[in-house]
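One structure below.
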Amino acid sequence: MRNLVFALFLCIPALFYAAPAGNDPDRITGLYSAEYEGEKSRISIYRNDGGTYSAQVVWVSNRYDASGKVRTDEKNPDKAKRDTPCDEIVIIERMSYDSRKNSWGNARVYDPLRGIKANVTCSFEPDGRLKVRGSLMGIGMSVYWTRLE
């Protein structure tokens, strides 16, 4: 019994100094594959100066429209962004990490297919996929991105 108490006593300081294995905010950075409403794309999540994170579309499977022109962000409510090529659209800006919830959020996700923004929360599933959950006026939807790099 004395040995057990001694062993537990030695382990207690380690609990205070060891960071949880999955509690690294930068682990979200990388290249992901996504499919949404028949649109296949690749999305890069990167760290901004100041420690926030953004996500940008870097590739789409159908970059060109029927006339051979590069598709643009034509539904963007910001008219100044409607000429942005479909494979350069920033869909999440300034997302922050919440260590208590082990998730990223406090930002908005932009849906270029509908031209709307919704609140976003991102977290990893046990299988390694990134769950991207958008919600607007109490209605939510989740999509899952698969890490490529």
> Once the piece of chain linking Lys81 and Arg63 is laid out straight, how much longer is it, given 0.36 nm per residue of separation minus the C-alpha distance between them?
Replying inline: 4.8 nm
> For the chain, which whole percent of the accessible surface, found with a 1.4 angstrom probe, sits on carbon and sulfur atoms?
Replying inline: 54 percent
> How far is helix 2-17 tilted off the main Cα axis of the chain, in degrees rounded to 10, range 0 to 90?
Replying inline: 30 degrees
>> Tell me the per residue accessible area of the chain using a 1.4 Å probe; a whole number in Å² is fine.
In response: 67 Å²
>> Could you compute the net charge surrounding Ile89? Neighbours are other residues with a C-beta less than 9 Å from the C-beta of Ile89; K and R count +1, D and E count -1.
In response: -2
> Using +1 on the beta carbon of Lys and Arg, -1 on that of Asp and Glu, and nothing else charged, what's the dipole of segment 40-149 about the Cα centre, debye to 20?
Replying inline: 200 debye
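Within segment 63-127, which GluC sites (Glu not before Pro) sit in a loop by DSSP and count at most 11 neighbouring Cβ atoms inside 10 Å?
Sites meeting the loop and neighbour criteria: none at all.
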>> I'd like the projected area of the chain, averaged over all directions, using the convex hull of its alpha carbons. Report it in nm² with one decimal.
In response: 12.4 nm²
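The values are calculated or read from the model by the stated rules, or taken from the named source; none is laboratory data. Because the structure is a prediction, the values reported are computed rather than measured. Neighbour counts are summed over all protein chains in view; Cβ atoms, including those assigned to glycine, are modelled from backbone coordinates with ideal geometry. Surface areas here come from the heavy atoms of the whole protein model, side chains and all, with no ligands, DNA or RNA. Shrake-Rupley method; radii C 1.70, N 1.55, O 1.52, S 1.80 Å.
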